[in-house]
Amino acid sequence: MGTENNAIILTVVICFVAAALGSFAVFMLVSSAKAESRKLYRAAEKIVGEEMLDWSIRNPYTMERGTSAPSARRLMIALQAVSEKNKQQSVFDAQRPITIGRGNRCQIILYDARISEQHACIFCEKGKVWIRNLTGRSVIQLRQGLFSRRIVRPGKTCMLHNGDRIEMNQNVLKVRLFVYGRDHR
């Protein structure tokens with residue numbers, strides 16, 4: 001009887017420890033996701049704040065005449081390089097085109113000889129975000145999850161979704177779309 005009680009106690013202790021470890025892992029994942037979101041919103045806040053300041057400097061008297069400032073609520077794009085060497089992340093206002101390539105004028109510069117000077121362009125049209133393949137011969141692959149794959153042929157355009165991975169040769173960029181506005185403070 002004593003051995004059965006010890007086995008039951010041991011089983012209860014193991015279940016309790018497993019539940020505690022599982023709860024801790026979920027807490028860490030949620031905390032990490034919240035920290036990542038805060039970082040993206042701070043970057044978006046900086047972009048929008050700079051634009052508002054620039055607008056107010058260029059238009060000091062228009063507010064008196066009833067002209068309103070640009071909206072502070074807008075669609076933002078976060079692009080994160082996914083590789084062992086490069087984990088940089090950049091946040092952009094979706095209303096401005098984002099060029100990706102080897103060229104110095106690109107917003108995302110990829111140091112890869114197989115990438116064109118201007119390889120791709122991400123832009124927003126009617127509230128949707130698109131990618132256009134600017135190359136003459138390379139394809140761009142879009143992946144979401146394990147099984148969804150779309151090909152963007154040279155000169156063609158394809159809609160981007162939150163969580164897509166843009167693959168250009170060995171370069172992978174993860175796409176995160178989010179709405180920034182005053183309610184996110």
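What follows is calculated from the coordinates using simple rules that are stated; it is not laboratory data. Computed from a predicted model, the values in this text were never measured in an experiment. Neighbour counts run over all protein chains shown; Cβ positions are idealised from the backbone, glycine included.
Using r as the Cβ-Cβ distance of residue 81 and residue 4, and R0 as 45 Å, what FRET efficiency do you calculate, to the nearest 0.05? The value I calculate is 0.20.
Distance between the 7 Å Cα→Cβ label points at residue 147 and residue 117: 4.3 nm. Sites listed here are chymotrypsin sites (Phe, Trp or Tyr not before Pro) in the stretch 80-152 whose DSSP assignment is loop and whose Cβ has at most 10 other Cβ atoms within 10 Å: 111, 147.
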